[in-house]
Amino acid sequence: MGSERRKLKTVTGVSGSRDVYAAALDPTRSTLEEGIRIARIAQENKIGAIFAADLLSFGAQGAIGAQEPLIQLAALGAVTTDVGLIATVSTTFHHPYNLARLFGTLDHISNGRAAWNAVTSSLGEENYGDGDLPSPEQRYARATESIEVVNALFDSWRPGALRPDGAGGVTLDDSLVRPVDYAGQHFSVRGPLNIPPLPQGRPVQFQAGQSAGGVELGARFAEVVFTSLATLEDAITYTKKIRARAAEWGRPNGLPLIFSSFHATYGATEQEARRLVREAAEATDFDAGRRQLADMLGGGIDLSELPLDKPIPETLLPQLDSVHRRRGRVEIFGKLAASGATLRELVIAAKDTGHWAAAGTPEQLADAIEERYRADVLDVISLGGFTDGRTHDFVVNGLLPELRRRKLLDTDYLGGTYRENLELPAPTRT
Ligand SMILES: Cc1cc2nc3c(=O)[nH]c(=O)nc-3n(C[C@H](O)[C@H](O)[C@H](O)COP(=O)(O)O)c2cc1C
């Protein structure tokens, strides 16, 4: 990578749409259909990657989890040639030997476009035995070992293990395929991996989870961290914290890359965008909103009787270390609640689940994006709305050309692998 800073990279989501239910009901349709449409539009518009979030429990957040990400992205990888394939998969409810085989295969069949968004899950324990969800500390300790095992397995074939035999075939020198002999608290894995060296060496390592445990995991292993940073200040504080910790782990400067979702409301004029935001706020279902906010605040709080136009009494707000599920979200909404926001304002903010939301014309939205990019707190951005008629036009004919006019985005794919398109260095072998 030259001295010039890498351009902003783009992603779009292929999970969570309720269209999967409609397709499931219609024997003439495949539940993959909308994913294929998004993946093809993404590639036509040189979007860097497609992303699948995941939840391991019914009804948690709409249709997220209605398709298993690795299978969905393997199929979408077969109908695309350039877009990266980012699958969210839990370290709490998967074994690392299987994870190495699954992502290793995805990287091979996509010729080097696999990426793993490692999460520790904050729900779904009822589907994996009758025990409670392990504590955040236990989940992140297991996640640390899981990533160590997976990386050791990807590195278990030494260079030269596979060589052309000069007669059009290959020679496998299995003396260069070594056991990993990993013995940890959570895992004991002999190895080696039974999948040959990956096109990318290792899939690109993403991570999501921004509590203290999440920051530590991301600083140590992630090449890209998926974040919920509603304000520029939040982005600056978080980026400083995780980059400083990463440097202490001896990570290269500028890593991990900061990846944010961008919940945009587009208008042909600023007034139109503001009107749409106002109308969306007025249309808020506050009963459902109180439940969603309670979930953002850790789930142990009842907001059903509180007055809407008053702040939440501080005595009701949870202590962070007492939160068992998502401390990252509680940090975001606890701070907002403590700042004096009314219940109404908090419920409306919770609709974006802590993500960065902005409204305006494509030029104004490009300004907001450029501000974070120039502040070095944004390297990868997720843009949505490619299959929504109105938004599609604003993104494809408004925002993307404007970002390219400002030379903030690549005009084409830079290489064959996702790692090359992110301009990431080769992974350092263990
Ligand atoms: C931006 C962002 C996206 C996330 N996406 C997922 C997801 O798709 N699936 C999931 O199980 N957890 C997801 N998480 C949550 C966490 O990784 C994780 O599950 C954990 O329990 C809570 O993380 P935290 O308290 O460290 O923030 C996400 C977290 C963040 C910050």
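The values are calculated or read from the model by the stated rules, or taken from the named source; none is laboratory data. In this text, all values refer to a predicted model and were calculated from it rather than measured experimentally. Backbone-built Cβ (ideal geometry, glycine too); neighbour counts: all protein chains shown. All accessible areas refer to the heavy atoms of the entire protein, side chains included, with ligands and DNA or RNA removed. Shrake-Rupley method; radii C 1.70, N 1.55, O 1.52, S 1.80 Å.
Worth pointing out:
- Residue tally, condition over 27 Å from Glu420 (Cα atoms) and touching a helix residue (DSSP H, G or I) at 6+ places or on another chain (Cβ under 8 Å), over the range 121-144: 9
- Exactly one residue out of Asp352, Asp367 is open to solvent by 60 Å² or more (accessible area, probe 1.4 Å) and out of contact with any Pro (no Cβ under 9 Å at 6 or more places or on another chain): that is Asp367.
- The helices (runs of 4 or more DSSP H) found wholly in the range 222-331 and carrying at least 1 residues that are within 16 Å of the ligand (Cβ to nearest atom), under 23 Å from the mean Cα position of the chain (by Cα) and surrounded by 15 or more Cβ atoms within 10 Å (Cβ to Cβ) occupy 232-248, 286-296.
- The lone exception for Gly160 - which of (1) in contact with a strand residue (DSSP E or B) (Cβ under 9 Å, 6 or more places away or on another chain); (2) free of Cβ contacts under 8 Å to residues at least 60 places away in the same chain; (3) away from the ligand (no atom under 16 Å from the Cβ) it fails: (1)
- Being more than 17 Å from Trp116 (Cβ to Cβ), open to solvent by 20 Å² or more (accessible area, probe 1.4 Å) and outside the structural domain of Glu34 (by the TED database) holds for only one residue in Arg429, Arg390, and it is Arg429.
- Qualifying residue in the range 26-38 (condition: within 16 Å of the ligand (Cβ to nearest atom), of a type in the set (S, T, N, Q), out of contact with any Lys or Arg (no Cβ under 7 Å at 6 or more places or on another chain) and in a loop (DSSP other than H, G, I, E, B)): no
- Exactly one residue out of Ala118, Ala75 is at pLDDT 95 or above, aliphatic (A, V, I, L, M) and away from the ligand (no atom under 13 Å from the Cβ): that is Ala75.
- Count of residues meeting criterion [within 16 Å of the chain's Cα centre (by Cα) and not in a loop (DSSP other than H, G, I, E, B)] in the range 53-76: 4
- Residue list for the range 189-221, restricted to those being part of a helix (DSSP H, G or I), near the ligand (Cβ under 10 Å from one of its atoms) and either open to solvent by 20 Å² or more (accessible area, probe 1.4 Å) or at pLDDT below 95 (or both): Ala212, Gly213, Glu216
- Qualifying residue in the range 13-22 (condition: in a helix (DSSP H, G or I), modelled with pLDDT under 95 and either open to solvent by less than 30 Å² (accessible area, probe 1.4 Å) or not assigned by the TED database to the domain that holds Asp82 (or both)): yes
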